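Step one of this worksheet: look at the structure below.
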Amino acid sequence: MSQEQQDIVVDDGRARWSDLWKKEDYWAIWLGFVVILFGYIVFIAQGPASFRETVDKSNRIMAAESAKNEVFKSIEYLTAQDAKKKLRSRDSAAGKSVSWFLTRPGRWSSNPADSFFVSGDTVAAANEKAKPAAAEAKGKLEAALKEATAAQQAADGAGLKNAELNADAEAKIAAWRKAQGASSKAAGAASKKPVNLIPSLLSALAVGIVFFGIGICCMGENVVKFALGFVGVFVAAVLAFMMGAQSTMHTYGIGSEAWAIIIGMLVANTVGTPNFIKPALKTEFYIKTGLVCLGAEVLMDKIVAIGGPGIFVAWVVTPIVLVLTFIFGQKVLKMPSKTLNITISADMSVCGTSAAIATAAACRAKKEELTLALGLSLVFTAIMMVAMPAFIKAVGMPDVLGGAWIGGTVDSTGAVAAAGAFISDTAMYVAATIKMIQNVLIGVTAFGVALYWTTKVEPEEMGMTGRKVSIMEIWNRFPKFVIGFLTASFFCSLVSGGLGTDMSNALVGQGLVGGLTSPMRSWCFALAFTSIGLSTNFRELAVYFKGGKPVLLYVCGQTFNLILTLAMAYVMFYKVFPEVTAKI
Amino acid sequence: MLNAFSVHAQPSCPDSPLSPPGRPGRLLRLCLALGALTFVMYVLAPLAIALLPPLRDYDRVVRETGIMPGALYYSDVPQTVDGEFNNRDAIRFRVRAAEKSR
């Protein structure tokens, strides 16, 4: 049998009831659902009752302040908003216990050990050193609040009709907000606690072995061999988190996923992947479980977060760019691999790495194709997150337009926020919100790609062109984890919608998601990318670069994305919905 | 059916006992790779930040705000919560209040 034939799994395609406990697609769903259900019980069902009271009180103040002052956001308005933002069900005792198990290595600069362990003496010395700065920042904050209050009273006294006084009040309130941020950061630096991640990492390792081991056991594989190998994969994943937390790498946006591949490939292509690790290289299992957990974060009510302009910029432009880039890759560039084409197109147009992972899994792309898409995204994101804000500032583009442009085009969400912050707070708010709306598109993209692949691409590849594909055939080939992913999204969207925006943020966003599914998904992806790295040969990867077509596809698609997003953002924010632009 | 990740995983693993060169050569390759990585991390990457003004400004903003540029999804970026609150509440309270007063 040739190598090519060995690399292809022949499946008779018939669905059986036993698939429910024998196939990893289903096990990814069951494990993901267990995580979400557990999170629902801990963070939502047991959520503090006092949250509702705070939310209602804050909203009453904000409504009254908005009616009283249409010109600028008053101190009372912003304070009430802060009170809502502070509500987090993951800060409960149960939430903190869950977080302890999921802790990842922390930030460090020159000594990697700082990522895992910081002694009490070191912390005490650092806190003592930071205290004067914290006291100074606190003093500045008090002074800034006094000035802002006086300026606001002056503007109010003139009936908000004096433009000069209004502008002065707005500027002083902005300065007070900045002082608030600085004071909070300084206070944080002066109240650090000792760190010892070893017990929590050992616990996470044990939980991981049991969690994935149940699925492995039911799928009929050797659990002991898996457990031994899992230790190796886990250690490499921990190292990936550590490397992603290094301060310089952090600035460049090279996160744990990229480091997991780098570390894995480094081992695999130098000393070779140890044989005992190989039974635990379950890339698909980890990635699909991570994607079902990610489903909990795909909350449909987020798409109206910035009203009409957000929907047009993120949900109209993005699918157009995705489809046209794919067609361009097939018809003009003649990309030999459709899976690589769609993975890069989704990565570039939707939301970078997360979209690439979901799309690659939905269309069954090869691991080298996903690695390549990730690498491209990493390089271009690093360029765009520095170049775009510099260009926007240089040409004097309005903050809202610049923010929307960045949000709709830069791949990674973190890079979007950083690029937006480079311009102003307003630009960052708009950029991050547009990106968040675009993030939600990941569910629709994964479903659409899975459906297109099972109904069109795969039948063509199997020589079934011209024959009608039955529903059962589609079902048999459809990647089942996508159903779990969408069910998780649908369930959490329903819960979130039922709670209302503010309560949803406190219980779902800052509870179920922030406290459980998001860190759980990070661990799953780190394990998956470590597995990819440990099983990837440099030479195999080079084949996919041939002719530079992936780079060309990315550049052409991104150029089109930049033009269309800018045009749509301008029309929506300045021509169709100017009232929204004026108030954000 | 083409399987995504796992089918390629096992056969393509560089197999330690068989693949040339021998153990000392492979250890040397690992040491060289780690050396290169350390050089990039501790020398080259910080040097680029120090020498290129746009990168330096960007680094300052990242450090000041605490944003994680490598974050994968919106839920990993706390600043998204600020953005969402700012925009949602602006539409919910301020745009509506302006419409009412007209």
Q: With a 1.4 Å probe and every protein chain left in place, tell me how much accessible area A:Lys331 has, in Å² to the nearest 10.
A: 140
Q) What per residue convex hull volume, in Å³, do the alpha-carbon atoms of region A:66-165 yield? A) 179
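In Å³ and rounded to a whole number, note down the convex hull volume per residue for the Cα atoms of region A:468-584.
252
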Q: Would you mind working out the accessible area per residue for chain A, using a 1.4 Å probe, and quoting it in Å²?
A: 40
**Q.** Partner lysines for A:Lys334 [C-alpha distance under 25 Å; skip if fewer than 8 residues away on the same chain]
**A.** A:Lys366, A:Lys367, A:Lys456, A:Lys546, A:Lys549
Q. Using bins 20 angstrom wide from zero, how does P(r) for the protein assembly as shown break down, in % of all Cα pairs?
A. 17, 53, 27, 4, 0
Q: Tabulate in residue order the Karplus-calculated ³J(HN,Hα) for region A:277-285, using 6.51 cos²θ - 1.76 cosθ + 1.60 with θ = phi - 60°, rounded to whole Hz; enter x for Gly and Pro.
A: 7, 4, x, 9, 7, 9, 3, 4, 4
Q | Loss of accessible area when B meets A, both sides summed, Å² nearest 100, probe 1.4 Å | A | 8200
(Q) Could you tell me the center-to-center distance, by alpha carbons, between region A:332-383 and region A:247-271 in angstrom? (A) 18
(Q) Given Cα positions, please report Rg to Rh for region A:17-280, the hydrodynamic radius being the Kirkwood one. (A) 1.10
Q) If amide H atoms are built 1.01 Å from N in the plane of the peptide, which residues on other chains or at least 5 residues away come under 5 Å of the amide H of A:Val118? A) A:Val195, A:Asn196
Q: Could you tell me the distance between the Cα centroids of region A:139-201 and region A:444-478, to the nearest Å?
A: 56
Q) Quick one: with all protein chains in place, what share of the accessible area of region A:473-584 is carbon or sulfur, to the nearest percent (1.4 Å probe)? A) 74
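Find out how many positive minus negative residues lie around A:Leu376, taking Lys and Arg as positive, Asp and Glu as negative, among other residues whose Cβ is under 14 Å from that of A:Leu376.
Once all neighbours under 14 Å are counted, the net charge is -4.
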Q. Here are some pairs, A:Lys84/A:Lys146; A:Lys146/A:Lys172; A:Lys129/A:Lys193; A:Lys225/A:Lys282; which of them have Cα atoms lying more than 19 Å apart in this structure?
A. A:Lys84/A:Lys146
Q: Please give the calculated 222 nm ellipticity per residue for the protein assembly as shown, where each DSSP H segment of at least 4 residues contributes -39500 (n - 2.57) and the sum is spread over every residue; nearest 500 deg cm²/dmol?
A: -22000 deg cm²/dmol
Q) Sorted by accessible area (1.4 Å probe), largest first, how do A:Met385, A:Met568, A:Met300 line up? A) A:Met300, A:Met568, A:Met385
Q) How would B:Arg60, A:Arg104, A:Arg177 rank on accessible area, largest to smallest, probe 1.4 Å? A) B:Arg60, A:Arg104, A:Arg177
Q. Got a number for carbon plus sulfur as a percent of region A:34-117's accessible area, 1.4 Å probe?
A. 59
**Q.** J(HN,Hα) series, region A:153-164, from Karplus relation 6.51 cos²θ - 1.76 cosθ + 1.60, nearest Hz, glycine and proline x
**A.** 5, 5, 5, 4, x, 8, x, 6, 9, 8, 4, 5
**Q.** Residues of region A:374-420 buried by at least 40 Å² on assembly (accessible area, 1.4 Å probe, chain alone as reference)
**A.** A:Val386, A:Thr413, A:Gly414, A:Ala418
Q | Cross-link reach list, lysines versus A:Lys575, counting only Cα pairs under 24 Å and skipping chain neighbours closer than eight places | A | A:Lys73, A:Lys302, A:Lys393, A:Lys435, A:Lys583, B:Lys100
Q | For A:Glu170, net neighbour charge (Lys/Arg +1, Asp/Glu -1) across residues whose Cβ lies under 15 Å away | A | -2
Q: Excluding A:Gly515 itself, calculate the net charge of residues whose Cβ lies under 14 Å from the Cβ of A:Gly515, where each Lys or Arg counts +1 and each Asp or Glu counts -1.
A: +2
Q: Could you pull out every one of the aspartates and glutamates with an alpha carbon less than 17 Å from that of A:Lys68, ignoring same-chain neighbours closer than 8 positions?
A: A:Glu76, A:Asp156, A:Glu170, B:Asp89, B:Glu99
Q.
If you count only protein heavy atoms and use a 1.4 Å probe, how large is the accessible surface of A:Cys556, to the nearest 10 Å²?
A. 50
Q) What accessible area, in Å² to the nearest ten, does a 1.4 Å probe give for A:Glu164? A) 150
Q: Could you pull out every residue, at least 5 positions away or on a different chain, whose amide H is within less than 5 Å of the one on A:Leu333? Hs are placed 1.01 Å off N in the peptide plane, and Pro or chain starts have none.
A: none
(Q) Which order do you get for A:Cys218, B:Cys31 if you rank them by accessible area with a 1.4 Å probe, largest at the top? (A) B:Cys31, A:Cys218
(Q) Within 10 Å of each Cβ in B:35-47, how many Cβ atoms from other chains are there, averaged over the peptide? (A) 2
Q: Step through the residues of region A:122-129 one at a time and calculate ³J(HN,Hα) from phi using the Karplus curve (6.51 cos²θ - 1.76 cosθ + 1.60, θ = phi - 60°), rounding each to whole Hz and writing x for Gly and Pro.
A: 4, 5, 4, 5, 5, 4, 4, 5
Q. Hey, got the dipole for region B:20-66? About the Cα centre, +1 on K and R Cβ, -1 on D and E Cβ, debye to the nearest 20?
A. 340
Q) Rg(Cα) of region B:20-66 divided by 2.2 N^0.38 Å? A) 1.75
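The values are calculated or read from the model by the stated rules, or taken from the named source; none is laboratory data. Predicted model only: the values in this text are computed from it and were never measured. Note: ideal-geometry Cβ built from the backbone for every residue, glycine included; neighbour counts use all protein chains shown. Keep in mind that these areas ignore ligands, DNA and RNA; they rest on the heavy atoms of the full protein, side chains included. Shrake-Rupley method; radii C 1.70, N 1.55, O 1.52, S 1.80 Å.
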